[in-house]
1. Helix-derived [θ] at 222 nm for chain B: sum -39500 (n - 2.57) over DSSP H runs of at least 4, divide by residue count, nearest 500?
2. Which whole-Hz couplings ³J(HN,Hα) result when phi for each residue of the range B:391-400 is put into the Karplus expression 6.51 cos²θ - 1.76 cosθ + 1.60, θ = phi - 60°, listed in order with x for Gly and Pro?
3. For B:12-20, what's the mean count of beta carbons from other chains sitting within 10 Å of each residue's beta carbon?
4. Compute the relative contact order of chain B as a whole-number percentage, counting only Cα pairs closer than 8 Å that sit 6 or more residues apart in sequence.
5. Ranked from highest to lowest mean number of other Cβ atoms within 10 Å per residue, what is the order of the peptides A:202-208, A:226-232?
6. Determine ³J(HN,Hα), in whole Hz, for all residues of the range B:265-278 in sequence, where each value follows from phi through the Karplus function 6.51 cos²θ - 1.76 cosθ + 1.60 and θ = phi - 60°; x replaces Gly and Pro.
7. Give the accessible surface of the range B:62-175 per residue, rounded to a whole number of Å², with probe radius 1.4 Å and ligands, DNA and RNA excluded.
8. If the only charges are +1 at each Lys and Arg Cβ and -1 at each Asp and Glu Cβ, what is the size of the charge dipole of the protein assembly as shown around the Cα centre, to the nearest 20 debye?
Amino acid sequence: MNLLILGANSDVAYAVAKTFAKHKKADIYLASRDMKLLEKKVRDLKTRYEIKAACFYFDAMDFESHLKFYQSLDPKPDGVVYAAGYMPDQEAAQKDFKEAKKIFEINFSGAAAILEIVADDFQKRGHGFIIGISSVAGERGRQSNYIYGASKAAFTAYLSGLRNRLFKKNIQVLTVLPGFINTKMTESMDLPGLLTAQPDEVAEYIYKAFRKNRDVLYTKWYWKWIMAVIKGIPEKIFKRMGL
Amino acid sequence: MKLTSWGRYPHIDTTGASFETTDQLAALLKKNGDLIAYGMGRSYGDSALNSRVVFSKRFNKIIDFNPEKGLLVCESGVSLEEIINIFMPRGWFLSTTPGTRLITVGGAIASDVHGKNHHTAGCFSESVESFEIMLPDGEILQCSREENPGIFHATCGGMGLTGIILTAAIKLQKVRSSYIRETVKRCQNLEEVFACFETYKTTTYSVAWINCLVSGSDVGRSVLMAGEHAETGSLEVKLKQPISVPFDFPGFCLNRYSTKLFNWLYYHSRPSFVENRLVSLDQFFYPLDSIGHWNRIYGKGGFTQYQLVLPKAASYDGLNVILKRIAKAGLGSFLAVLKLCGPQNDNDLSFPMEGYSLALDFKIERRLFPFLDELDQIVLDYGGRLYLTKDVRMPKHVFQKGYPGWEAFAELREKTGMKKKFNSLQSRRLGV
């Protein structure tokens, strides 16, 4: 199996690469912007799992480049993980639309741009799977994180539609909705220890969900119930809350 | 954020940042103020605690492995557990491992950890061919026994006080099986266990669990375990997923009666003598890793480990005195471990010396520290010292007397600006 990971410098992406290489002996394509760091990860994956690995320059916000990027891959991947994500401070994104735009472009527009190309290819080949790392933040907008949340809501909806479209071709689309994960993205936040998962743990759950041909994965599992409660709060009350 | 280490004493407020590249680390070092590297938080005391820390957990890439020589080059945040999982199936195992696999390579070097094979293989640094370290100004220095030997010997066992270890080249040992042939022997008293250690001197691994609550002629009652890598068998590793202690035990759970009972059960559940039985890797090396958060057993207030080593000639008399004092005080340690160490190495602050090492766990309580001060005196009188990796309270004079290399170490730190950049609560307490 050939697995392409987009936004491969995130901690979750690296954990997913390790998990697929370990369990599936998958060959890995890592794609992101920091090539020096990617090269280090390529060497790491090769030595750890005795698989093939390679890295490619990929800029989620440079939509025009996506087709050329995908065409350059040979052989084509059997699975694609979209793990690129950007989450600056909410206030920064409120004050500076450039920040907000970057959030939308990395978390959603960039995903749509490349995944359309991937979906076309998979549809033609009648083969493949897509894993999108979205977020529970997209389940309901909260004042503390709604710009990021909106981008993830769009991504979640997009993946849902893509799944609907590709179902007939037997192509799995897995939406991953993580809660808190202990990564560089959340390093400056004071996360509640009990509700925080480690990237390796999340990657194992993602792999299991892939194996079981699941559609939507909350990780860890309790986020499904936490979000059910949060979504169930009537808007009249929700708008008064300090979430 | 709040930060503590394995002993869960003390808890401090700290600011921490992780790094994944040397550029990121250099930027962190440029900021004002001192800091210390923090790996997996498995040292017991305050040696990795400071108001500012850098986390090495994301600096965890494997760089190269040479299957002819068994030479592994990796970043300092790689854990021993990862190394076992990756290389045991290919027939390679760590040359030296402590009683937990949940530490980083950087931590293993900084503590110059030792294991059950110290008498045959020495400390972790024996397996380190070279490493790269980042100095206070962000400069990256290659160190080995030939290249910058001063910094090499100060860093191995140097408790992270010489810089941030970046990458290391370590030699793994070739094994034919992931299993161990274990010999277990009950020993009635100290005399018997000392004799037993001598009997198994050429066996690669040996260690004894010792009951430090018995007194009189039974002082030193223990169970010795010796082992060799099995010659045949599978190379598979199935490291058990730990069962976690879910919450802090209330303080009263651990008292002289419960520890007595536990120690009695431990002794009597072991065979009086069994030779060459096959046990798995984690059973032999990492029995405690199978219980997640076992430190919670000591309750909310935390615990400390008091590990001492005495020169061989003084070991018998010294341990007799110490074990009697402990039994009398009734501050019984749940788990106590005895080990015959081999010769000491050339590192400035490495702990082991030729003689017996004793490690005792104590729950933190008011009367503990005055009692440990008394033990300190006995240890010094017999020419011994305490292990920095376990320490949270050693007074400066005990450190200086126990570690003659401290002066050269302190001088190097002063001269190279390390003292301004790399500090822990421990280094301040010890005045290095």
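The values are calculated or read from the model by the stated rules, or taken from the named source; none is laboratory data. Keep in mind the model is a prediction, meaning the values are calculated, not measured. Cβ placement follows ideal geometry from the backbone for every residue including glycine, while neighbour counts extend to all protein chains displayed. Ligands, DNA and RNA are excluded from the accessible area calculation, which covers all protein heavy atoms including side chains. Shrake-Rupley method; radii C 1.70, N 1.55, O 1.52, S 1.80 Å.
1. On the way: 14 runs with 122 residues, N = 432.
After summing the helix terms and dividing by residue count, I get -8000 deg cm²/dmol.
2. Each residue's phi maps through the Karplus curve to give 7, 9, 8, 4, x, 3, 5, 5, 4, 5 Hz.
3. Working: counts 0, 0, 0, 1, 2, 3, 5, 1, 8.
That works out to 2 on average.
4. On the way: 1003 pairs, mean separation 80.0, N = 432.
19 percent.
5. Sorting A:202-208, A:226-232 by mean packing, highest first, produces A:202-208, A:226-232.
6. These are the phi-based 3J(HN,Hα) values: 4, 4, 5, 7, 8, 8, x, 5, 7, 8, 10, 6, 7, 8 Hz.
7. Result: 28 Å² of accessible area for each residue.
8. Details: 88 positive and 71 negative charges, 443 e Å.
Rounded to the nearest 20 debye, it is 2120 debye.
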